[in-house]
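Colleague: Provided herewith is a single structure, encoded as structure tokens, for subsequent inquiry.
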Amino acid sequence: MAKILIVDDEKDLAEMLAAILEIKGYQTKFVVDGYKAIEETRKTHYDLIIMDIKMPEINGVETFIKIKEIDPKVKVTMMTGFAVEELISEAIKQGACGCIHKPFKPEKVIEMIGSLLKLEKV
């Protein structure tokens, strides 16, 4: 069972996404800021991290860079509800797998997760 960490300062969205993914058989955890995500990746290896780009204190790209230092093999995909093309480009350049734009359809996210985790097994 794949482990997925969801990082979003919108707690309700993170909680909803975690619940949907658990129904689909994934083991999930969510945190509401980048510092908690960094702390969590020090304790646990996740197969995939879905991370909001715009968060207070430390943004998703800065968090992603620190997480890759801790766990270079973790797959990370960003998500955003804003037009932050520079941050998206920076995340992709640093190795992010892509970006989900909010609002999103849960079935599209589930499909993307399946594709990303399947690539790992090939």
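The values are calculated or read from the model by the stated rules, or taken from the named source; none is laboratory data. As the structure is a prediction and not an experimental result, all values here were calculated from the model. Reconstructed Cβ throughout: ideal geometry from the backbone, glycine too, with neighbour counts over all protein chains shown. To get the accessible areas, we keep the full protein, side chains included, count just its heavy atoms, and leave off ligands, DNA and RNA. Shrake-Rupley method; radii C 1.70, N 1.55, O 1.52, S 1.80 Å.
Colleague: Pick out the one residue from 63, 77, 44 that is modelled with pLDDT of 90 or more, open to solvent by less than 40 Å² (accessible area, probe 1.4 Å) and more than 14 Å from the chain's Cα centre (by Cα). Step through it out loud before you land on a result.
Modeller: Details: 63 fails: more than 14 Å from the chain's Cα centre (by Cα); 77 fails: more than 14 Å from the chain's Cα centre (by Cα).
Exactly one of 63, 77, 44 is modelled with pLDDT of 90 or more, open to solvent by less than 40 Å² (accessible area, probe 1.4 Å) and more than 14 Å from the chain's Cα centre (by Cα), namely 44.
Colleague: Next question, about the same structure. Can you tell me which residue in segment 47-60 is nearest to residue 13 (Cα to Cα), limited to those that are over 12 Å from the mean Cα position of the chain (by Cα) and crowded, with 18+ Cβ neighbours inside 10 Å? Reasoning before the result, please.
Modeller: As a first pass, look at segment 47-60 and keep what is over 12 Å from the mean Cα position of the chain (by Cα): 54-59.
After this cut, where a residue has to be crowded, with 18+ Cβ neighbours inside 10 Å as well, the list is 55, 59.
On the way: 55: 13, 59: 17 Å.
Here the answer is 55.
Colleague: Picking from 91, 96, which residue would you name as being among the small types (Gly, Ala, Ser), buried (at least 16 other Cβ atoms within 10 Å of the Cβ), outside any helix (DSSP H, G or I) and in contact with a strand residue (DSSP E or B) (Cβ under 6 Å, 6 or more places away or on another chain)?
Modeller: Values: 91 fails: outside any helix (DSSP H, G or I).
Answer to the check: 96.
Quick grid of which residues meet (1) over 17 Å from residue 74 (Cα atoms); (2) out of contact with any Lys or Arg (no Cβ under 8 Å at 6 or more places or on another chain); (3) surrounded by fewer than 21 Cβ atoms within 10 Å (Cβ to Cβ):
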| position | (1), (2), (3) |
| --- | --- |
| 1 | no, yes, yes |
| 5 | no, no, no |
| 10 | yes, yes, yes |
| 18 | yes, no, yes |
| 23 | yes, yes, yes |
| 28 | no, no, no |
| 33 | yes, yes, yes |
| 37 | no, yes, no |
